[in-house]
Structures are given as structure tokens and as C-alpha cells.
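What follows is a set of notes on a single structure, which appears directly below.
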Amino acid sequence: RTIFSNTEYMIHHNPFLSLSLSVGDITQKGYEKKRGKLLAPYIPQIQGKQFPLINCKSTVAPPGSKQNKPRAANSRDECFRSDLHTEAVQAALAKYKERKMPMPSKRRSVLVQSSVEACTPPDTSSASEDEGSLRRQGRIASSSPYQAHPSVEHWFNRVIQGSSTSSSASSTSSHPGGRPHHATNTTSASAATVLADLMAHTQLGCCVKPHHPFTVTFPSFFYLILSIFLSLYMSYLLLTLSLSKGVPVNSRVSSKIQQLLNTLKRPKRPPLREFFVDDFEELLDVQHPDPNQPKPEGGEMRPLNGEPLGVVTNWPPSLLASLQRWGTTQPKSPCLTALDNASKPIYTLTYGKLWTRSQKLAYTLLNKLSTRNEPLLRPGDRVALVFPNNDPVMFMVAFYGCLLAELVPVPIEVPLTRKDAGSQQVGFLLGSCGVTLALTTDACQKGLPKAQTGEVVTFKGWPRLLWFVTDGKHVVKPPKDWHPPIRDASNEIAYIEYKTSKEGSTMGITVSHSAMLAHCHVLTQACGYTEGEIITNVLDFKRDAGLWHGVLTSVMNRMHVISIPYSLMKVNPLSWIQKVHTYKARVAVVKSRDMHWSLLAQRDQRDISLSSLRMLIVADGANPWSISSCDAFLNVFQARGLRPEVICPCASSSEAMTVAIRRPPEMGVPPPGKAVLSMSGLSYGVIRVDTEEKLSVLTVQDVGQVMPGALVCVIRVEGTPYLCRTDEVGEICVSSSSTGISYYGLPGMTKNVFETIPVTSSGAPISDRPFTRTSLLGFIGPDNLVFVVGKMDGLMVVSGRRHNADDVVATALAVEPMKFVYRGRIAVFSVSVLHDERIVVVAEQRPDASEEDSFQWMSRVLQAIDSIHQAGVYCLALVPANTLPKAPLGGIHISETKQRFLEGALHPCNVLMCPHTCVTNLPKPRQKQPEVGPASMIVGNLVAGKRIAQACGRDVSQLEDNDQVKLNPISLSQTTEDVLQWRAQATPDHPLFLLLNAKGTVANTASCVQLHKRAERVAVALMERGRLNTGDHVALVYPPGVDLIATFYGCLYAGCVPVTVRPPHPQNLATTLPTVKMIVEVSKSVCILTTQAIMKLLKSKEAAAAVDIKTWPLILDTDDLPRKRIPQIYKPPTPEMLAYLDFSVSTTGILAGVKMSHAATSALCRSIKLQCELYPSRQIAICLDPYCGLGFALWCLCSVYSGHQSILVPPLELETNPSLWLSAVSQFKVRVTFCSYSVMEMCTKGLGSQTEALRLRNVNLSCVRTCMVVAEERPRITLTQSFSKIFKDLGLSSRAVSTTFGCRVNVAICLQGTSGPDPTTVYLDMRALRHDRVRLVERGSPHSLPLTESGKILPGVKVIIANTETKGPLGDSHLGEIWVSSPHNATGYYTVYGEEALHADHFSTRLSFGDTQTLWARTGYLGFLRRTELTDASGERHDALYVVGSLDETLELRGMRYHPTDIETSVIRSHKSIAECAVFTWTNLLVVVVELEGSEQEALDLVALVTNVVLEEHYLIVGVVVVVDPGVIPINSRGEKQRMHLRDGFLADQLDPIYVAYNM
């Protein structure tokens, strides 16, 4: 059955048979019978004439048939009207009610908020700029107080909405405030449900047809009552919501996210199908073909022969012979007329002039250009032709001059700047062709960018070129005896035409002399060209149809070409029509764009006639929108003499040259045809007539018959080149003597494209001639007409379906385009994200379009494309006018646009991402399996031969060295204050502390006795002035320095419990002072010790604005204390007594204070002393904050205990002098130093380019044995490696840098120390980690994550890995929670609310199986232990502890566990302008906050890049992208991100973002 049989035509008009066939179970016999019965009534009318399914304008109709009736001159069949597509789009949009989409927030310089707005419902508060574009259309236009119903409806929806899980987050937990309220009154609950349902229907669903919103259909009075009822009901629901601690409803952000969740209520997901395992248990949804998709049913197509090539008696043997003939016999005959921008002829080149000037140039090139007495050029060399589009005369002379000199011209565009779109690729082409000479005009050469020497610059990627000007004064007349060789056409290369591929690379297509001649012959026959005809050419004369018709075939037939430059068309779009009228031109070669432009300008012209035209060649007739331009043009200009039949669309490609062209009417060819094809069928590569769904159809016109002498077939697009069936779309292939012969210098691609051998379904070749692929997608219709439905370059295969970029552009244009975007400035392409192509639409926005209008247009475009193409758009971006890269003659440079999009250099002004809609192949959400019990786990590990993951540091008791005991009689029972007193007596003048200021000079020092005496003074002041009792808590609010240390020991001397507190920042009291107040209150401090300056600050007016200063406890300043001795130093009755409180803000934003006993303090100092080998003769440098954790211990405790000298470098001073710490390390020749990540980052960023200057200042780091980064997180490998690399030049050993690990329950678990093996690095599979599994892979593997061990486990510390849920022990290299047992564990949390019960098991928990006696503290960090091949100092095999991340920080998404730092690392890598990033979740949406370090115009570039990278690497859909200024992401003193603070700031709308994008 062929698709083009009578039956199908009848089916087109008969749904009954269509239905019968579509069922698919009808037998052939039954089919024939039914067909006969259905066709019977029509047989008299048909009379043997075969009607195609494609409507043809029939010229001959049998008498008595309906077709004989006269039709109006311009009446056209209903279904072929050119505005059909626009109607379809409008109808499609009508199906969608205005869907409430959250509009992106952009920073406004002024946000005016009145006091009234502050108390309006959330959707209207401070969101005036976000609402206007999305109002429902049924809104009443009065100003009654009940107007805000969309807001109320949304607000209401938000309150009663159940757990809203998007496709990106199939987690079962509902968001806060999202749980249904079990109201006591069941009727009100059911009413809420009914209303929620009613409102849910106003949103777009993927399967439910949307109802009309009730707001439009009900009368106003009812509407008023309903609004009142709603508002009352709302206040009740909001009350219950606020009581149940629901979502914050007062912020714009919350309302936007809720809108977003509402749009994602019914996310588009394909029906659940089977999944396949991708390399691992990662379950990627594989796109299976739809079982109901249409399949081709026709028979195999037969190759189609063009009419035979006619034999012409006086046909010249080559094109040059033709030029010689006309140049000598008809020298006065006009060849080419060039026009200026005023449409006036500036020069007419005659055939005589063309012949003589070409000869002069040929002679000059061969004989007058030389280097070192060698001719510069030899026959066969390639020469670049660089001519502007307004100088066809010089180009023609240069082109034929090269041919006469047997050189190969390579015409290219004029490079205007060094950064032209695609210019670099053109340079690669010139380089690969070995071009050394470029010909150009004098004017053009003067306009090219010059270097300082005055020579033309070398453009990026271009070879070094010699520029030669071809104007008359530079060429010489050849001697009388010199004649250029005029040879018969051969297979030698005549010229090279450039072509830009879909990916943006530029290839050179070689055309031989014989192919050039044959192509002229073919065009002459197909177009019926005759000698002396006048032809108007609007196209680029350097390549493609403009070259073939306007430079080559015209010379063959001595035609006169009127060349219309592009610059003139921009000024006067009617110029070509005026020239047709003036010169009575017989042929015009144009593009559909030129026809469209002339329509817009034609009103002013009355007296023009197109009656002389016998052929209007539409060079891009294969484009889907060319049909509408042709139709519209005909409708307007038919009245001015244009005959419908002279419009001749043609199809061509650079490789195959002209493929098909509609013949002029005098040739007696069949009438033109048009096809109305189902867009859905085309996406499956099948030709179907769409009778039911008028919306999604593509109307295409034929491009005429194949060329004379050509053999054409249609082959499958992918894989083996099998012939297509008759109802199947494939790539058109041509075998002919008039095609290109190769891609220059690319033999592999040449074989694939120019030497294809199509085969039948049985695998037999259809011909022994090779075929050339045209990159045109189409089919052969009835009457052997060729139909093109798209190009390979515009093909986008999305989820297994094929879409054409041009079709998508046509749909976008049909959505009121002229108002908001420029018609010709829309680019559509696809990018590969997560194993599938994703559609991206980029358009230039008109400057006068408002943000709301543009956003509304964007959302309508999304809906139109979704409805008509059944394809989701991944990203829609609007850029400012004139910013998209331009192709040489107008139009958009698609590949360059795509490149800019992927590089984040597009700078859009509006962007809308829709990953939720179109990413349908996400992995299946992980289903949690029931946990294996702890006993089974142990047995399983034993069977597998794995040991239980347990490790310990060296035994403290064995490490006591007898010599040390003699020198330093410090027993384990002694407290640090005892040690200080002993040192003050034993070594009074031994220096303990040395504080540096920003200049690097010593600001303060303290010896043992000085520190002891200062501490005594403080103790006396506490007792006498403060009247404090033993056990009272004292807050120490000091800048980093010796005073802090002295007051700490003073508190211990007085029997008080010190609490170190970071002082408030004078410039930022509003945010820093409340933290101070909170710690003072939570720690129940009865007194604050501080300096006079800070005391004034705490009581200042500025402080009063931030906190209640009247409620401060007693504040004492310690600046001028009297010299008094304490009568008696306090001795704690037991070592378990509380020594100090350690308060710190965790990364999750929780303020947690832990209790440290005297025994734990001593044990901590002892472990550090042993691990780092600290003795009184040692010096260490500390650049840490001294307020909590290991930083406090190293700053205040260790020096006193071990007797070494500490060089104290306050990290704050590095802001003014980044080199302070490293200079100090070098100056004091320090072997051991400690810093934080923020210090390391400051040095890396601030000193990265200054290592040479530091070397000149004699900074030398070769003394450093160990540089330890104090952290409570996973080691930041990238930062430590950068630091090592940068300062390697200053002598820093690559082995020196290591990390430590501590947490709230134990501030020092691991510390590299001075002995033992170097830290090891392993590579984990990130995908396994999401499933809580450790899978080691090789370095460089895809999805690999490097992880370094966090230093050596300290002496006296035991570590075990336990299952987070069963609390059973885990095996070696298994991921679980790190538990620690050690004498220096903290004894518990200190909280004011007495919530110890919640956290009791953090400090004293037991394993559920195995060793159930030992008490462990839970760190709250995930990690694993792995036994390495390395040997410890003790000779045992070394156990490495790897920290993966904090359990509290992890994100549970799609049933998997993600660590924020992994996502953040990917995001930071995605664009050079992302300085920092933080992620968190809100209501199952992943929110990504990025700091932009660059101009604000880059902000919107980041949205797509962030979404892409998170999808690709983590299989997650980003819900919200927030772009903020540098420094907005809060960071604590250890350099850790405070993600929960950030989340609170975001929800409270306090971040002042540059841009917030809500991904749909």
C-alpha cells in the first residue's frame, strides 16, 4: 500500500475508514471490501484520476466535476491558509487558562512599599511587580475590596494543600504546614477539601482537561459572597496554621515557592515503565518507544530519476570557455550591475570588462607576487576571497581571475572584529586549506582592524595571511603573448565553499570544474534560462544559490544580473521589487525573509509591476515558514502582475548543491502541491494526514521536481542507510554529476556524506553510484514532487521523538510575536542534559517590552509548544535587542548562540527554566529496604572476611616517657591552672605567648609568671568587685589576645566557670550583638568580663537598637586592675567538676554549648602534646579564632600545659595583611602551625599572585613540617591542594598540609601530628554514597569523589562506625555514624531549657550488639574507617578515618542522601563567576544560592548552568536558583557555611537577591 493511494485521500475526508484502519486488526480482504464500499459514491467523480492526500492545485479538471467551477483569483483551500499555524497556536493557548506561574524576582533599585501593603495577604504583599502579568482574565475591573481573589485562592490553596511532591523530590514527607489539619469540625474540613479540589482544577494538569475557573462564570454578587466566605475561612485556617507552626506566610519568597509547588502539583511524568541498570544500581529511566506510536506502513520507495539532461550542441567545454566566448564576442553585453545604498546603479560590469580584468588579475597573481624570487602561488593553491556584500563586481573579477590562474578561490565573510561569531572556525578552515593569500578590495582592506604596525591583525585562530588588494592600480596588464590556459572541465578542484555545521565547525566543500559546469547545465535546463535574460539576485553572491545563479550560471548563459546588496535591503526592503519592475527582470532569486520584508514596506508603492517575472526562485523554499511568506506575498502582489505559478521554491544544500526546484509554468510540469501533515506523526518520522487535530499540523509546500540527470532516494536518518518506506520521512540523498565532491581535508566525513551507498531492506545496494547526503529531511510525494520537512542541522531528538528547530520557531512566532520579540531573532537548539536532548529557545526582546509582558509571552510560548509539538521546553531565554551573534547576512548564528548559552555568556534579561516538565528520565526514586539487624550485619561481615570498623589512637599510659616525668612532673590528675602555678614557680620567665598585630610586630607577650599574676588580679576582681560565688558562670568578651587567656585562668583561680564569647563587630552590631546576648543568657552568666572599649559598645545607643541593654548582667572591665594577690587559689574537689563551657553555632544554625570538665581539659592537652610532640623548647604558630573547639584549646590551654611558646596571629588581622601568618611562620622558623579553612582561603586568594614578592621579602616556608587545618567538616581537598601548589615556590613541602577533625562531643578526634604515615586519599563513587554505600573507584572515574583522611586518631581516642538506625557496629569501609570514646569527650550539652534528654545519647550511648559495655559519644558525622597498607609509628597497620559529612546537614531527596558540599562543588565549577554556593531544601524543593562575582548581567546566565550541572551530576532538579552578591552566604569562624541561617534569610526575604528563578 502506498501512502499516496486513493484510499488515503478518502481517509483524509472520512473518519470512519480512518478509524477502521487505525484499529489495525482489519484483514487485507476486509480492507479492500470496505474500501470499495466507501469509494463507490466517488468513482464517477474520480474517473481514474489519482487524488493524492496532498491537495494539488489542479489545472485540468474533467467536465462536470466540482473542480470546474471558477474560483476567486486568490481564494485558497481552507486548510492551507498560511495563518493556519497562528490559528492553531491561539486555539492551543485557549485550552490553557492563565496558569499562575511564579514570576522570577529581579532586583529593583527602589521597592516602594506602603504601610497598607504590609498587612495584605502574602501573595499581594510587596509583590506588586510580580502580580500584574499573571492576573486572571475574569477579574472585575472595579476597585472593590474583594478583587484579590487569585491571591486569596492561592493563599487558601497554600494553607490546605497536602504534601506536594514534585518530580524532583518523590520523598514522602510533606512540607511544613502542608499536612492536612484534622479539624474537629468535619464539615469544615470537607468544605476545605471541596474548595481545594475546585481550585486545583484551575491549575493546568497533564491529564485532566482544565475547567473554566468559577471566577468567570458566576455573577458578581455570588462572587462577592464567595469572597467574603473565603476570607473568613482563610483567617480561621491561617489561625490553625500559625498555631501548628506552619510555613511563614508573611514573605514574598514563601508565596512564590508555594506558587511553584502549585504549578508542579501534577508534574508531567510518563507512565512508569521498566528501568535499566546503568553501570550500577543507579536506575535511570530508559525511554521506551510508545507502543501506540505510528509506524510506516507503505512499501519501500523506489529511487527517483530526474528528467534526462538535454544535449546542447554548442555547450562550452568549461565555464571559463564560456567566459572567454562572451568576453570576446559580446564584450559590450552587460554582465552585472551593482547598486549603492540609495538603490542607484554604481557600476555595470560588461562581459568584455570581466574577461580583461580577470586576465589581468590572473597574470598578476601568477607572475608579480613572489617571496625570495620564488612565485608565491602555484596552480592549485588555495586563495581566500574576502569581499564585502556590497561589492559583487570586485568579487566576480577575483573569482574568475583565480579560476583563470588555476588557483582555488575560497570565498569567506569579511571579518569585522577579532571576535566575530564563527570567525575562529573560518580561520581553522583557511589553515587546513593552506591559504596564505587573501584577496580583498581597497575599501575593505582599509576597514579591517589593524595592528600597531599598520598591517591587518591576525584574527583569532587564523593563519598568517598576506593581504592583496585587487583594485586596478595594483594589477598589471599581461603581455600580448600571455594567454590564460582554458582547459576542458576536469575533476580538479574549481572552488571551495564554506559551510558551518550544527556544532559550529566550519568545513570547506570542494567543487570540481566538471561539477561546476554540470550544475550550470542542470540549472539552465531546470529554470529554462536563455541568453541575455535579466535576473535580480538578493542572495549572498559568495556561496549557495546566490553564487550558483548570480555568478556561475549567469555567465554560462550571458545573463545580466542585478545584484541587490544586503545593506540596501535593510534600508529599502522593496528595492528588489523595484529593480524587477525597472529592468523588466525575468527571474528573481530571493529568500522568504526578503518577501516578508517587502510585505511590510509595500503600502507606499503603487506603480510597480511584477508581470515580467517568469520565475521567482525562493532559495529557502524548504523552510516550514516559507509557505506563509509565499502565500502572503502572492496575496498582496497578485494585484501587481505577479502570477501564482511563477513562485518556484527550491531545496538545496551545500554538499549536493541544488536538489530540487519547482519548474517555471511553461515547462508543462504537474501543478504544485501542499501537504497538511500531522506534527505528531512527523515526530515519529511518519507521514500522516491529520484530520482530527487541526492544531498540531505542519503545512508544507513542495519544492518541485528533482534536478535533470539526478537519481534521488530517501534513506533512514540513523544507522545503515536503508531506503525509507513511501510514508516515512528520511534524509534525501542525490547521485549526480553536479554535487560537491568532498570536505577539504576530512576524508572520514567525506566518505560518510559524499560516498553513501543506500541499500534496500534486504541489504542490496540500490545502485553502483555513490550518493551524497543532502542533510534535508523529507519525502517524495505524488507526481514525484519533493517535499522537505526539515534539516538535519535543525533536528532535535527529544525522548526518541524528532522535532525540527524551524517548526518550533514558527510556533513561537505565532504567539503575538511582534509585540515583545523581534520576528527574525529567535534561535531554537537542543542541548544534551542527562542523556537526552533538551529544547532551548532564545529570542531577542524588544526594548519597550515590560518584564511582565515578556514573562507572560514566555509562559504562552511554553504552552503553545507543549500543545502543538507535545514537547517540553527546557529553557526559554530573552536577551536584549541586538545581542545575539549574527550570521553574515542577518539571521542568528545558532551554533555560536548555543556555545554562549553553554558557557554562560549569553547574558539574558529574562529566563524561564522548565526542568520539571521536560526531564522525564530521572532515576527511579530509591525505595528504602527494611534494615538488616545489627547481629546479621556482624555475621555478614565475618562471612565476608571483613573486620568490624574500629580503631584507636596510641595508648596514653604507655607513652609517658621517664625523662619527661623528671623534667615535667605533671600528672594526669592535675588541672591546667595547677600547671600554670607550677610553671610560674619553676620557669617564671619562660615565654608562653607572643601576640602579633597586623603589621607583624609583637603587640603583647606573656611569660609564665606574667600570665599567673594577671590571672590572680582577675580572680581578685571577680571576688571583690563582682562578689561572685564558686561555680558562677562568667562570660569573657575579648578580642583575640593575651587578655582573653589571662581572664580565663583568672576565672579558674576564682572557682568560676568561664565562657569565651566572640565580641560584637562594631560595624555590624545588628547581627553580631544578638548572638553575644544569646550566649550570655543561655550560659546563665552572672558577670561579663571585657575591655573598656567593648563595655562602652555593649551599653551604647547602637546596641540598644539591637538588644535590650538593660538586661545585661554585671559588666566588669579588666583594663586597669589593681596589683593584688589572691588569698587562696580555688582547687576543684574532683577532676569531673566543670572547668569551662564551650559555645559554638553549628552549621545547621543551632547554638550548642558543651561542658568540659577539668579531667577532660587535661586529657585533651595531653593527647595534643603527645600527638604533636610539644615541649617547652618548641614554637608553634596559631592562626585560629580562640572562642570554641580546638581553636580555643590550642590558643588558651595547650601552651600552659606543654610549656611551648605559641605565636598568636588573630585571623581578623589577615584582612588588612594577608601575608601576616605566613611571614610569622617564616620569621620564627615554626615547625608546627594551625589555621582554619577561612585563613587558608584568604591566603590562597589574596597571595596567589604575590609569591614572587614574598620570596623577595625572604618568606621561606621550608621550616614547616606540619600545617594543620582545624575543621569540623569533610576535608576540603581542592583548597588544601591549591594552597600547597601556590606556596610550593616558597619552600612549603607538599606533605606538610593536613586536616584535623573534631565536633561538639569531642573537639579533637583526629590530628595529623608530627609522626606516622602521610594522609591517604581514596576515590568514592558519588552515586553509591547517595545510597549510604562506600564504593571505591579509580582516580578519574566518572562520578568519583576524592576524600582525604582527617589526620591520625589522637592518643587515648577510640573510634567505631555504627549504623545510624540500628546502632549496630559496621564493617571496614562501610558508611555509618562516627562514634568516639575518649577521656577528653565533653560531658554533655549545657542548655538553658533542660533538653538534655533529647541529646543524652549524644554523649553516652551504647552499641546495640557486640561490645555493649563501652560508653560512646555520637559525633553526628557520617564516615568510614579503612585499614590501609601503611604502618603506624607503633608498627601496626594504619587505620584511616574518612569523614564524609554532617548527618544534620544531609538532604533527603528522592529517597537518597545528598551532602550539600557535593552539589555546591559541582555548582561552583559550572561558571567562573560563581564565587560561592550554598544549597538547602524547602518543601522538597532544592534551593541553590550562588554568589555572583562579576557584573549583574551575568546573573541570569547562571540559572541554566546551575540547573544543568545539578541534573547531570546529581540527578536532581533544582527548584529555585537565587543569585546574590558576594559575602551574602553566612560563614562561621571556622569558614563553614551557615546554610540554615541562609535558608531563614531567604524565606524572610532578607537576602536582597540580584535574581530569583523559580524552575517550572
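Each value in this text was obtained by applying a stated rule to the coordinates, not by laboratory testing. Bear in mind the structure is a predicted one, so any value in this text is a computation, not a measurement. Here the Cβ is made from the backbone with ideal geometry for all residues, glycine too, and neighbour counts use every protein chain on show.
So, R0 is 30 Å and r is the distance between the beta-carbons of Thr1030 and Gln985; what FRET efficiency does that work out to, to 0.05?
Numbers: r = 24 Å, r/R0 = 0.81.
With a Förster radius of 30 Å, E is 0.80.
Taking a 24 Å limit on the Cα-Cα distance, which of the listed pairs Lys542/Lys898; Lys368/Lys542; Lys502/Lys924; Lys1077/Lys1537 fall beyond it? Write out the running numbers ahead of the final one.
Numbers: Lys542/Lys898 26 Å; Lys368/Lys542 26 Å; Lys502/Lys924 33 Å; Lys1077/Lys1537 22 Å.
Beyond 24 Å: Lys542/Lys898; Lys368/Lys542; Lys502/Lys924.
Roughly speaking, what is the stretch gain from Gln1128 to Val311, that is 0.36 nm per residue apart minus the C-alpha to C-alpha distance, in nm to one decimal? The partial results should precede the final answer.
Values: separation 817, 0.36 × 817 = 294.12 nm, distance 12.58 nm.
So the extension gain works out to 281.5 nm.
In Å³ and rounded to a whole number, note down the convex hull volume per residue for the Cα atoms of region 512-619.
Values: hull volume 9.4 nm³, N = 108.
Given the Cα convex hull of region 512-619, per-residue volume reads 87 Å³.
How big is region 1506-1560 by Rg and Dmax over its Cα atoms, in Å?
12.7, 37
Take peptides 559-572, 318-331, 615-628 and line them up by average Cβ neighbours within 10 Å, highest first, as a rough protection proxy. Mind dumping the intermediate values first?
On the way: 559-572: 21.1, 318-331: 19.0, 615-628: 25.1.
Result, highest mean first: 615-628, 559-572, 318-331.
Report the local net charge at Ala1021: Lys and Arg +1, Asp and Glu -1, summed over other residues whose C-beta lies under 15 Å from its C-beta. Display every interim value, and only then the final one.
Working: positive: Lys1013, Arg1014, Arg1017, Arg1025, Arg1027, Arg1123, Lys1124, Arg1125; negative: Glu1016, Glu1024, Asp1032, Asp1043, Asp1117, Asp1119, Asp1120.
Summing Lys/Arg as +1 and Asp/Glu as -1 gives +1.
On alpha-carbon atoms, Rg over Rh for region 1183-1248 using Kirkwood Rh?
Numbers: Rg = 12.0 Å, Rh = 12.4 Å.
Here Rg/Rh amounts to 0.97.
Here is the link list: Lys499/Lys591; Lys1155/Lys1358; Lys460/Lys886; Lys477/Lys591. Which ones come out longer than 29 Å on Cα distance?
Values: Lys499/Lys591 18 Å; Lys1155/Lys1358 20 Å; Lys460/Lys886 18 Å; Lys477/Lys591 40 Å.
Violating the 29 Å Cα-Cα cut-off are Lys477/Lys591.
Using only the alpha-carbon atoms of region 290-409, report the extent along each of the three principal axes, biggest first, to the nearest angstrom.
Projected onto its principal axes, the Cα set of region 290-409 covers 71, 42, 40 Å.
So what's Rg/Rh here for region 334-480, counting alpha carbon atoms and using the Kirkwood radius for Rh? Intermediate values should be presented prior to the final figure.
Numbers: Rg = 15.4 Å, Rh = 16.0 Å.
Across region 334-480, the Cα-based Rg/Rh ratio is 0.97.
Measure up Lys1084/Lys1110; Lys446/Lys473; Lys1288/Lys1352 against 21 Å on the Cα-Cα distance and list the ones that go over. Could the numbers behind the result be given before it?
Numbers: Lys1084/Lys1110 16 Å; Lys446/Lys473 16 Å; Lys1288/Lys1352 24 Å.
In this structure, Lys1288/Lys1352 exceed 21 Å between Cα atoms.
Stretch Glu718-Ala451 to full length: gain in nm at 0.36 nm per residue minus the Cα-Cα span?
On the way: separation 267, 0.36 × 267 = 96.12 nm, distance 4.79 nm.
So the extension gain works out to 91.3 nm.
Put a dot 7 Å past each Cα toward the Cβ at Asn921 and Val571; how far apart are the dots in nm?
For Val571 paired with Asn921, the spin-label model returns 5.2 nm.
With only alpha-carbon atoms in the gyration tensor, what are the semi-axes of the equivalent ellipsoid for region 998-1147, in Å, largest first?
Numbers: eigenvalues 124, 71, 45 Å².
Value: 25, 19, 15 Å, ordered largest first.
Sort the following peptides by mean Cβ neighbour count (other Cβ atoms within 10 Å, averaged over residues), highest first: 1360-1366, 1024-1030, 1468-1474, 360-366.
Per-residue mean Cβ counts within 10 Å order the peptides as 360-366, 1360-1366, 1468-1474, 1024-1030.
Calculate, for Ser1408 and Lys95, the FRET efficiency according to 1/(1 + (r/R0)^6) with r their C-beta to C-beta distance and R0 51 Å; round to the nearest 0.05. Provide the component values of the computation, followed by the final result.
Details: r = 59 Å, r/R0 = 1.15.
The formula returns an efficiency of 0.30 here.
In what sequence, highest mean first, do 633-639, 390-396 appear when ranked by Cβ atoms within 10 angstrom? Display every interim value, and only then the final one.
Working: 633-639: 17.4, 390-396: 23.9.
Highest-to-lowest ranking by the protection proxy: 390-396, 633-639.
Based on alpha-carbon centroids, what's the gap between region 290-311 and region 1158-1229 in Å, whole number please?
First find each Cα centre; the distance between them is then 82 Å.
Can you compute the FRET efficiency between Gln1250 and Asn882 using 1/(1 + (r/R0)^6), with r the Cβ-Cβ distance and R0 = 60 Å? Round to the nearest 0.05. Walk me through the numbers on the way to the answer.
Working: r = 41 Å, r/R0 = 0.69.
With R0 = 60 Å, the Cβ-Cβ based efficiency is 0.90.
What's the center-to-center distance, using Cα atoms, between region 799-813 and region 888-902 in Å?
Using only Cα atoms, the two centres lie 17 Å from each other.
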